[in-house]
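The values are calculated or read from the model by the stated rules, or taken from the named source; none is laboratory data. Note that the structure is predicted; figures quoted are calculated from it, not measured. Here the Cβ is made from the backbone with ideal geometry for all residues, glycine too, and neighbour counts use every protein chain on show. Areas reflect the complete protein model, heavy atoms only, side chains present, ligands, DNA and RNA absent. Shrake-Rupley method; radii C 1.70, N 1.55, O 1.52, S 1.80 Å.
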Amino acid sequence: QVQLVESGGGLVQAGGSLRLSCAASGSIFSINTMGWYRQAPANQRELVAAITRDGSTNHADSVKGRFTISRDNAKNTVYLQMNSLEPTDTAVYYCNAVLTTARWVLPMNYWGQGTQVTVSA
């Protein structure tokens with residue numbers, strides 16, 4: 001059993017900052033890529049940022065220069081520092097991890113339950 005637990009969402013004014021955290025726990029052998037996705041009402045889920053085990057990152061164009069993804073491999077935790085927030089960043093943010101539960105098992109996709117981020121104008 002694997003769990004991804006997110007924290008750090010909330011309500012913030014435009015221009016403000018939030019830091020999201022996501023801790024993976026359970027029967028984990030190795031975590032490959034970790035990332036953050038978001039979904040606004042009536043929109044599809046979209047990638048915000050992702051980070052590989054060795055620290056290579058990828059940020060969506062809409063958040064480059066404002067959001068930064070990082071991770072702590074020892075804690076199986078990924079973070080998303082969000083600065084200069086805009087009302088268009090309002091969405092449910094989901095943590096994602098591609099991981100294996102044992103040495104000879106194929107990697108699988110796991111998701112957190114989501115955390116609401118609301119940015120007021």
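Please report, as a whole percent, how much of the solvent-accessible surface of the chain comes from carbon and sulfur atoms (probe radius 1.4 Å). Walk me through the numbers before you get to the answer.
Values: 3190 of 6480 Å².
Of all accessible area on the chain, carbon and sulfur atoms account for 49 percent.
Using only Cα atoms, what is the ratio of the radius of gyration of the range 21-66 to 2.2 N^0.38 Å? Please report the intermediate quantities before stating the final value.
Values: Rg = 12.7 Å, N = 46, 2.2 N^0.38 = 9.4 Å.
Rg over 2.2 N^0.38 Å, computed on Cα atoms: 1.35.
Rounded to the nearest whole Å², what accessible area per residue is found for the range 4-121 with the 1.4 Å probe? Walk me through the intermediate numbers first.
On the way: 6180 Å² over 118 residues.
Per-residue value: 52 Å².
Stretch ARG53-ARG66 to full length: gain in nm at 0.36 nm per residue minus the Cα-Cα span? Please list the in-between numbers first.
Values: separation 13, 0.36 × 13 = 4.68 nm, distance 2.20 nm.
Once the chain is fully extended between ARG53 and ARG66, it gains 2.5 nm.
Let me cross-check ASP54: its accessible surface, 1.4 Å probe, with only protein heavy atoms counted, in Å² to the nearest 10?
130
Under a Cβ-only charge scheme (Lys and Arg +1, Asp and Glu -1), can you give me the dipole magnitude of the range 16-121 about the Cα centre, in debye to the nearest 20?
On the way: 9 positive and 6 negative charges, 48 e Å.
My answer is approximately 240 debye.
I need two numbers for the chain: Rg to one decimal and Dmax as a whole number, Cα atoms only, in Å.
14.2, 50
Over the range 37-121, what is the mean sequence separation of C-alpha contacts under 8 Å (at least six apart), divided by residue count, expressed as relative contact order in percent?
Details: 129 pairs, mean separation 20.4, N = 85.
24 percent.
Compare VAL98, VAL5 by solvent-accessible area with a 1.4 Å probe and give them largest first, with all protein chains kept in place. Walk me through the numbers before you get to the answer.
Details: VAL98 45, VAL5 75 Å².
Largest to smallest exposure gives the sequence VAL5, VAL98.
When only alpha-carbon atoms are used, what values of Rg and Dmax, in angstrom, describe the range 53-121?
14.4, 50
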